[in-house]
Every structure is written in C-alpha cells, then in structure tokens.
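A short worksheet on the structure shown next.
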Amino acid sequence: MDRFRMIFQYFQSNSESVMNGICGLLALASVKMYTSFDFSCPCLPQYNMAYGLGIMFVPPIILFLCGLILNRQSLVMLEEWRRPPGHRKKDLAVIRYLCSSIMQRAMVAPVVWFIVTLLDGKCLICAFSGSMDPQKFVGFANVSTVQAQQLLAKVPCKDDELMRNNTSHKAVTRYLRCWSQALGWSILLILIIAAFLARWLRPCFNQATLLQARHWSNYIDIEQKIFEETCCEHSRLFAHKCILHFFESMRQEIKLHSFILPREGEGAEGGEDLLRGITDQDQVNKLLKTWYYEKPPLDVSQAHQR
Amino acid sequence: MDKFRMIFQFFQSNQESFMNGICGIMALASTQMYSAFDFNCPCLPHYNLAYGLGILLLPPFILFLLGFVLNNNISMLAEEWRRPQGQRGKDPAVLRYMFCSMAQRAMIAPAVWVSVTLLDGKCITCAFCTSVPVETLGNASHPRLSQGEIQRVLARIPCKEIYNGQQLIANEVAIRYLRCISQALGWCFVLLMTTLAFLVRSLRPCFSQAAFLKSRYWSHYIDIERKLFDETCAEHARSFAKVCIQQFFEGMSTDLVAARCHLPRKAPASAGEATEKLLGITDQGTMNMALKSWHRCKPPLHLHPPALPTGNGWAGEGQPPMHPSAPRKETAAYYSWV
C-alpha cells in the first residue's frame with residue numbers, strides 16, 4: 001500500500017506539470033513542423049490567397065485538436081459532464097474550471113504557429129502579393145491590369161524567370177514582410193498583456209470559488225486514477241484465484257478418474273507443492289486442453305467456500 | 001510470488017504506455033523510411049500514375065499490417081475469438097474493444113506516411129503531371145502537338161534534366177502547381193484524421209461509458225489471466241523437471257548399486273549438503289553411464305514418489321539421511337502395481 005501511496009502522491013503533484021510538459025512539447029513540435037515544412041507558393045493569381053491563408057490557419061486547427069486529444073483532463077471533464085448525478089450532484093464550477101484550463105493549454109501551440117508564421121512573413125507575402133496596388137511600385141506601373149496581376153502573383157517566387165530581372169519584386173516583398181512582422185509582434189504583445197492581466201486580476205474575483213473548483217477538479221482526476229489502479233489490482237487477484245481454482249478442480253478430477261490415492265502432505269518436498277497434483281504428461285496435456293476448450297467460469301466464490 | 005506481482009503490476013500500468021511507445025517508434029520509422037527512400041519517377045506516360053500512387057498507397061498498407069503483427073495482443077484477440085464457449089460465455093463487446101484499440105494504434109504509422117508523402121509533394125507531382133491544365137498555365141500560342149506527344153512531354157515534368165517542353169509549359173510553374181495541390185491535400189488529410197480522432201475520443205464518454213468500462217476491465221483481465229496461467233505452467237514445468245531429474249538420478253543410483261551388489265559406502269555425517277547433492281553418483285564411470293542413459297533413454301513423463309529401500313540391494317537401515325523414510329513405503333506398492 002505504501003508504494004501505491006507514493007505513486008499517487010507523485011501523480012497528484014505532477015498532474016499539472018505533465019500537462020504543462022505536453023503543452024511545451026506541442027509548441028516545440030509546431031515550430032519544428034514549420035521549419036521542416038517546404039513552403040512553396042504556387043505563384044498563380046487565384047491560388048496564392050487560398051494557399052497562403054490555408055497554411056496560416058489550417059495547421060493551428062490541427063494543433064488545437066491535438067492539444068485537446070493529448071490532454072488527459074479533457075476525458076475527465078467530459079465524463080464528469082455526462083455522468084448521471086446518482087448520489088453525487090454535479091458542480092458546474094468544476095466543469096467550467098476544467099474546461100478553461102484545458103482550452104488555455106490547447107491554445108498555446110496554435111498561437112505559436114500563428115506568430116512564427118507572421119514573423120517569418122512567407123505566408124502573408126504569398127497570400128497578399130496579388131492584392132497590392134501596382135501603381136505604387138515602379139516595375140508594375142506601366143503594364144495592363146491582367147499582366148500586373150500575373151506579375152504580382154509571381155512576386156513570392158524569386159527564381160521565376162520573369163522575376164529575376166524585375167527589381168520591384170523586392171519592394172513588394174519588403175513591404176508585405178514589414179506588415180506581416182508588425183502584425184506578428186502586435187498580436188504577441190496583446191496576448192502577453194492579456195495573459196498577464198488574467199493572472200494578476202484573477203485573485204480579485206471569486207478566489208474562494210476558484211480554490212474549491214481547483215481542489216475538486218484535482219480530486220476527480222485522482223479518484224479516476226485510483227479507480228483504474230484498483231481495478232487492475234482486482235483483476236490480477238481474480239485471475240490468480242481463478243487459475244488456482246482451475247488447477248484444484250483438475251486435481252480433483254484426476255483423483256476421481258485414476259483411482260490413485262496420493263498421500264497428502266506427508267513429507268511432501270517443497271518443490272512438489274507447486275506440482276499441484278499434476279505429475280504426468282497425460283495429466284498436463286489434459287489440463288492444457290481443458291484450459292482451452294472449457295475455460296472455467298468467472299466465479300471464484302466456490303473457491304472461498306471450499 | 002511477490003516478484004511476479006510487481007512485474008505484473010508494472011506491465012499492467014505500463015501496457016498502454018508500452019503500446020504507445022511502439023506506436024510512436026513506428027511513426028518515426030515511417031518518416032525515416034520515407035526520407036531514406038530514393039524516389040525515382042519513371043517520367044513515362046502510363047507508368048507515372050502507377051508508380052506515384054503505388055508509393056503513396058502500398059507502404060501504408062504494409063505498415064498497417066506490421067502494426068498488427070508487432071502488437072502482442074493480436075494473439076490474445078484471436079485466442080479469445082476462437083475459443084470454444086465451455087463454461088464461460090463470450091462477450092462480443094470485449095472483442096470489439098480489443099480490435100478497435102489495436103486498429104487505432106496500427107493506423108498511426110500509415111497516416112504519418114501518407115501525410116509526409118502528400119506534404120512533400122513528389123508522389124503527386126509524379127502521378128498527376130500528365131493532367132496539368134496546359135491551357136491555363138502554359139502557352140496557348142505553342143504549335144499544336146498530338147495528344148500523345150503532349151502526354152509524353154508532360155510526363156517528363158518531374159525529371160528536370162530531360163524536360164523538353166519549356167515552350168509548352170514552364171517546368172517550375174507546373175511543379176509549383178502540382179506541389180500546391182499536393183500540400184493542400186496533405187493538410188486536409190491531416191485535418192480530417194485529427195478531427196476523426198478527436199470525435200472518437202470525445203464522443204465516447206457521452207455514449208456507452210459504462211459499457212466501455214466493462215469492456216476495458218475484461219480485456220485487461222483476459223490479458224492478465226493469460227500471463228498468470230503461463231507463469232503458473234512455467235513454475236509447474238520447472239518443478240516437474242526438477243523432480244523428474246532427481247528421480248532419474250535416484251533410479252540410476254539404485255540400478256548401479258543393485259548391479260554391483262555391494263553396500264554403498266556410508267558418507268561421513270559431516271559431509272552434509274554437498275553429499276546429498278551428489279545424488280549417489282560419486283565416480284567418473286557412474287557419471288558417464290548416467291549421461292549416456294539420459295541421452296539414450298530419457299525417463300517417462302510420469303513422476304512417482306521417491307524410491308524406498310526394498311529388499312533388493314539396499315541395506316535399508318543406516319542410509320545417509322537423503323530420503324525421508326515415510327513416503328518410501330509406497331514404492332513397493334507402486335512397483336508391483338506397474
């Protein structure tokens with residue numbers, strides 16, 4: 001029991017740290033995914049915007065869903081939400097607390113992706129190069145509208161033959177990248193200020209309710225873990241009894257059928273106790289065959305009554 | 001038994017993490033396999049599609065089967081499925097639970113392969129380069145070629161060094177277009193898989209939570225019961241072998257003493273345990289005979305209580321205290337019965 005106590009104390013103190021660790025790993029994974037992803041803008045008028053915005057918004061949704069899936073507390077929260085009240089009534093404050101803590105952790109990786117994308121700038125350049133006003137840039141000012149669209153769409157592809165000789169594409173790129181980075185830093189600043197305010201101002205409102213909600217959400221988590229551990233322990237003991245019972249009933253059957261009267265207990269060597277009365281090749285074969293063809297019923301109450 | 005209990009608890013609590021670990025290793029192995037694989041598009045009209053789609057779809061199928069093979073629980077599932085009913089009923093919910101959890105884990109590595117392939121873009125570029133819309137992306141003013149010629153030219157798009165259709169459609173334009181489509185498909189596939197996983201995981205507590213707890217408990221139980229039974233059989237086999245061999249040596253010793261017709265030398269009382277372990281064989285010739293007999297004529301798989309001092313050859317009294325006297329009384333009855 002001491003060992004279990006130690007394990008549960010570890011879980012209790014570290015449930016938060018395990019969740020924070022997973023959160024951090026996902027954020028790192030999102031940065032790694034961005035750097036290893038081979039961004040190649042299609043440089044075609046209709047496709048640029050879809051591609052650029054798609055790369056900016058679809059992976060954050062994926063990372064958010066991953067954050068929810070990998071978080072153990074989301075299952076705990078759902079079970080608590082959907083369970084029938086029974087003898088224990090439900091506390092909505094606990095469910096709200098769990099929900100908000102899960103959402104906060106799941107939002108970290110998508111925000112990291114979003115910010116890294118904006119600070120890098122490729123997505124925005126790809127998406128909005130076709131929306132630039134050609135009159136503002138010298139190289140695109142004197143061409144027809146359609147051609148201007150085509151040229152602007154090719155700006156993100158520096159190696160394209162049309163772009164190699166055109167110096168205005170650098171101007172467009174710099175302009176868009178500047179906007180992209182400004183947007184990225186602003187969003188980062190706003191989010192950090194919001195997080196700072198939320199953490200500082202929270203004790204000013206409903207601190208007692210918060211403490212209660214946190215305590216009971218921890219409790220639900222630990223209770224579920226202990227229940228699972230107890231079930232494992234129980235199934236192991238159940239299996240042990242069931243097998244012993246099976247060997248015993250085989251020994252009885254063999255005794256009935258073979259008319260041998262073995263001397264029980266007198267001077268039996270320690271090693272023979274483990275033989276449980278099965279001392280013959282045929283007996284062993286019969287035991288194994290019976291184990292497969294007729295597994296014993298899941299009822300060890302008879303073993304106790306003996 | 002305590003040691004076994006600790007080991008079983010370790011396996012039980014870590015069964016899930018062990019399976020998740022194998023799952024993660026296979027996912028990493030699939031990305032490594034993809035990067036190590038030398039993709040060579042054939043650049044011929046009809047072969048491109050077959051090659052590209054083959055590389056996209058065949059390795060995931062292999063990885064899926066491998067995921068099942070590497071899972072220890074597959075034999076447990078098969079055994080539970082095929083066993084005769086006997087005295088214990090079968091619960092199809094438990095079988096479904098076991099199959100679903102194995103299938104979910106086996107799906108991860110193939111999904112990773114397909115995502116990596118689509119996000120990289122080489123397969124789709126190779127497979128669909130002949131379907132590029134030349135009218136919108138290429139030069140409309142190019143002199144007309146026959147359909148077959150156009151197909152042959154387009155099929156060479158992935159192979160930049162032999163591409164000769166720069167006037168028809170620029171190589172970079174076509175590759176960028178195809179890669180964009182491929183990456184869009186890849187991200188959509190990943191989004192779809194993640195959404196499915198999320199729905200499966202989050203809808204389960206809303207429906208049939210009690211049935212789920214039951215299935216999970218009994219599937220763990222079947223696993224533990226199987227392991228415990230194997231351990232018990234191993235213990236039994238060990239004891240069986242020990243007693244069988246002990247009886248073999250005693251039998252040899254008895255035979256030799258009977259053959260030589262002289263009294264065994266009494267071992268001094270102080271030799272104790274070491275003498276007991278010699279099992280009555282104390283010289284080279286006897287040992288050689290014992291070994292030869294073990295090889296040529298193994299004893300039957302039938303244990304009997306240890307040998308008694310009967311009239312033939314044993315002095316009976318004054319024996320070294322190797323064998324307890326009480327069980328020996330049965331031997332005469334056994335021999336005569338046999």
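Taking only segment B:158-186 into account, find how many residues are more than 11 Å from every other protein chain (Cβ to nearest Cβ) and over 29 Å from A:V58 (Cα atoms).
Looking only at that region, the number is 10.
Given (1) part of a helix (DSSP H, G or I); (2) under 22 Å from B:E225 (Cα atoms), where does B:P60 come up short, assuming only one miss?
In the conditions (1) part of a helix (DSSP H, G or I); (2) under 22 Å from B:E225 (Cα atoms), B:P60 misses (2) alone.
Considering segment B:45-64 alone, what residues qualify as being more than 20 Å from B:G186 (Cα to Cα) and either among the aromatic types (F, W, Y) or in contact (Cβ under 8 Å) with a residue 12 or more places away in the chain (or both)?
The answer is B:P45, B:Y47.
Please find, within segment A:47-79, the residue that is nearest to the other protein chains (Cβ to nearest Cβ) out of those that are among the polar types (S, T, N, Q) and in a helix (DSSP H, G or I).
The qualifying residue nearest to the other protein chains (Cβ to nearest Cβ) is A:S74.
Would you list the helices (runs of 4 or more DSSP H) that sit entirely within segment A:243-306 and hold 1 or more residues that are at the interface with another protein chain (Cβ under 8 Å from one of its Cβ atoms) and at pLDDT 75 or above?
In segment A:243-306, A:281-293 are the helices (runs of 4 or more DSSP H) which contain 1 or more residues that are at the interface with another protein chain (Cβ under 8 Å from one of its Cβ atoms) and at pLDDT 75 or above.
Take segment B:1-23 and flag every residue that is more than 24 Å from A:R3 (Cα to Cα) and either modelled with pLDDT of 90 or more or exposed (fewer than 14 other Cβ atoms within 10 Å of the Cβ) (or both).
Within segment B:1-23, B:N20, B:G21 meet the criteria.
This table checks each residue for (1) of a type outside the set (V, I, T); (2) under 30 Å from B:A127 (Cα atoms); (3) modelled with pLDDT under 90.
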{"residue": "B:N40", "(1), (2), (3)": "yes, yes, no"}
{"residue": "B:L44", "(1), (2), (3)": "yes, yes, no"}
{"residue": "B:P59", "(1), (2), (3)": "yes, yes, no"}
{"residue": "B:L63", "(1), (2), (3)": "yes, yes, no"}
{"residue": "B:L66", "(1), (2), (3)": "yes, yes, no"}
{"residue": "B:R82", "(1), (2), (3)": "yes, no, yes"}
{"residue": "B:Q85", "(1), (2), (3)": "yes, no, yes"}
{"residue": "B:R88", "(1), (2), (3)": "yes, no, yes"}
{"residue": "B:F99", "(1), (2), (3)": "yes, no, no"}
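Is it true that some residue in segment A:108-121 is part of a helix (DSSP H, G or I) and exposed (fewer than 15 other Cβ atoms within 10 Å of the Cβ)?
Checked segment A:108-121: no residue is part of a helix (DSSP H, G or I) and exposed (fewer than 15 other Cβ atoms within 10 Å of the Cβ).
Can you tell me how many residues within segment A:174-201 are of a type in the set (K, R) and out of contact with any helix residue (DSSP H, G or I) (no Cβ under 7 Å at 6 or more places or on another chain)?
Summing the residues that are of a type in the set (K, R) and out of contact with any helix residue (DSSP H, G or I) (no Cβ under 7 Å at 6 or more places or on another chain) in segment A:174-201 gives 2.
Mind checking whether some residue in segment B:201-212 is surrounded by 18 or more Cβ atoms within 10 Å (Cβ to Cβ) and within 20 Å of A:E161 (Cα to Cα)?
No; the residues of segment B:201-212 include none that is surrounded by 18 or more Cβ atoms within 10 Å (Cβ to Cβ) and within 20 Å of A:E161 (Cα to Cα).
Is there a residue in segment B:174-194 that is part of a loop (DSSP other than H, G, I, E, B), surrounded by fewer than 18 Cβ atoms within 10 Å (Cβ to Cβ) and aliphatic (A, V, I, L, M)?
Within segment B:174-194, not a single residue is part of a loop (DSSP other than H, G, I, E, B), surrounded by fewer than 18 Cβ atoms within 10 Å (Cβ to Cβ) and aliphatic (A, V, I, L, M).
Given the residues B:R105, B:R96, B:R83, which is the only one that is among the basic types (K, R) and in contact with a Gly (Cβ under 8 Å, 6 or more places away or on another chain)?
Residue meeting the stated conditions: B:R105.
Of A:L98, A:L26, A:L65, which residue is farther than 30 Å from B:A174 by Cβ, modelled with pLDDT of 85 or more and touching a Gly at 6+ places or on another chain (Cβ under 7 Å)?
A:L26
If we keep just the residues of segment A:181-220 that are touching a residue at least 40 places away in the same chain (Cβ under 8 Å), more than 14 Å from chain B (Cβ to nearest Cβ) and closer than 30 Å to A:R88 by Cβ, which is surrounded by the fewest Cβ atoms within 10 Å (Cβ to Cβ)?
Of everything passing the filter in segment A:181-220, A:T209 is surrounded by the fewest Cβ atoms within 10 Å (Cβ to Cβ).
The values are calculated or read from the model by the stated rules, or taken from the named source; none is laboratory data. All figures in this text were calculated on a predicted structure; none of them were measured in a lab. Neighbour counts are summed over all protein chains in view; Cβ atoms, including those assigned to glycine, are modelled from backbone coordinates with ideal geometry.
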